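Derivation of every value follows stated rules applied to the coordinates shown; laboratory data play no part. The shown structure was predicted, so the numbers you read here are calculated from the model rather than taken from an experiment. Cβ placement follows ideal geometry from the backbone for every residue including glycine, while neighbour counts extend to all protein chains displayed.
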Amino acid sequence: MIHNTYPIQAEGSLPDTKLVTYIQEDSESIGISTRPLILVCPGGAYAYTSDREAEVLALQFLAMGYHAAVLRYSCAPARFPTALVEVAKAVLLIRENAEQWKVDSGKIILLGCSAGGHLAASFGTLWAENFLAEKLSLSESEKEKIRPNGLILCYPVITSGEYAHRGSFENLLGEQEGSLERSRDPESLAAKLSLETRVTDKTPGTFIWHTYEDGSVPVENSLLFVSALRKARVPVEFHMYAKGGHGLSLANRQTATPDGGALQPECTTWIELVRVWLESNYISE
């Protein structure tokens with residue numbers, strides 16, 4: 001494994017923003033020339049990036065035979081669109097190094113948990129917006145350089161409306177701009193970042209899982225996004241588990257909290273389900 005860290009800086013970035021890569025060693029004895037890459041955006045309500053949803057997930061995909069990377073993006077007091085621009089810069093860096101790292105540049109998949117799911121889904125729905133291209137000094141024809149090829153969303157924050165995780169939006173936008181009152185104004189930034197309203201046919205195919213019992217980020221967040229993807233005819237696979245709270249990560253002992261929480265045996269199957277989804281959609285016969 002080639003393990004490196006690359007500083008990622010945009011206007012407003014915090015000093016420790018970085019991309020950590022986990023690249024498979026190339027070998028003449030293995031008949032694989034290039035591999036997809038899974039770019040992980042940990043959760044943490046846009047207040048921090050959770051260790052429980054970072055390297056431990058990257059290593060799961062490394063074991064499956066993929067390349068992986070973790071983006072430690074800027075959180076509060078950094079505000080939108082700082083983290084989104086950092087994702088774009090990370091994707092651009094990966095594509096610029098695709099030949100050297102043996103990455104299939106047409107198979108870069110973003111994974112996000114909770115608020116990291118909002119970040120990944122934001123990028124999946126907004127990557128072609130002019131403001132991102134301008135931030136990276138990309139021409140119209142160069143926008144494809146930052147195009148994501150798939151999304152994996154784990155109990156994602158999606159909506160700024162009735163079922164919002166308000167803390168995530170307040171950390172992302174500021175307390176006033178991220179409030180429920182602002183989200184009711186269709187011209188507000190909060191409303192524009194209610195991602196069920198931003199899905200288009202340019203949004204990549206998506207895998208989503210959530211739990212019915214999630215009391216922090218209600219499952220309606222995922223249901224709204226699934227419905228929007230369906231209307232836009234974007235392929236989506238969705239799994240809702242009957243049991244389990246929020247922030248489960250792998251839902252096993254590897255990602256349990258210090259007090260023994262976040263253990264939910266019923267939900268441990270998601271990582272195998274996403275492996276099948278990846279092989280079905282991103283591995284050529």
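Data table
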read-out: Residue that is closer than 30 Å to G174 by Cα, surrounded by fewer than 21 Cβ atoms within 10 Å (Cβ to Cβ) and under 21 Å from the mean Cα position of the chain (by Cα), where the choices are T49, T5; value: T5
read-out: Within the range 131-146, tally of residues that are under 20 Å from the mean Cα position of the chain (by Cα) and without any contact (Cβ under 8 Å) to a residue 24 or more places away in the chain; value: 3
read-out: Near pairs, Cβ below 6 angstrom, 6+ apart or cross-chain, from the range 246-264 (touching a residue at least 24 places away in the same chain (Cβ under 8 Å)) to any residue that is of a type in the set (D, E, K, R) and part of a loop (DSSP other than H, G, I, E, B); value: H246/D214
read-out: Any hit, the range 163-171, residues being in a loop (DSSP other than H, G, I, E, B), of a type outside the set (G, A, S) and free of Cβ contacts under 8 Å to residues at least 12 places away in the same chain; value: no
read-out: Condition met for V157 (outside any helix (DSSP H, G or I) and closer than 15 Å to T125 by Cα); value: yes
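Let's see how each residue does on (1) surrounded by 17 or more Cβ atoms within 10 Å (Cβ to Cβ); (2) aromatic (F, W, Y); (3) assigned to a helix (DSSP H, G or I); (4) on the phi > 0 side of the Ramachandran plot:
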{"residue": "S227", "(1), (2), (3), (4)": "no, no, yes, no"}
{"residue": "R230", "(1), (2), (3), (4)": "no, no, yes, no"}
{"residue": "K243", "(1), (2), (3), (4)": "no, no, no, no"}
{"residue": "H246", "(1), (2), (3), (4)": "yes, no, no, no"}
{"residue": "L250", "(1), (2), (3), (4)": "yes, no, no, no"}
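This table checks each residue for (1) surrounded by fewer than 24 Cβ atoms within 10 Å (Cβ to Cβ); (2) within 16 Å of I8 (Cα to Cα); (3) out of contact with any strand residue (DSSP E or B) (no Cβ under 9 Å at 6 or more places or on another chain).
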residue: E55; (1), (2), (3): yes, no, no
residue: R79; (1), (2), (3): yes, yes, yes
residue: W101; (1), (2), (3): yes, no, no
residue: W127; (1), (2), (3): yes, no, yes
residue: A133; (1), (2), (3): yes, no, yes
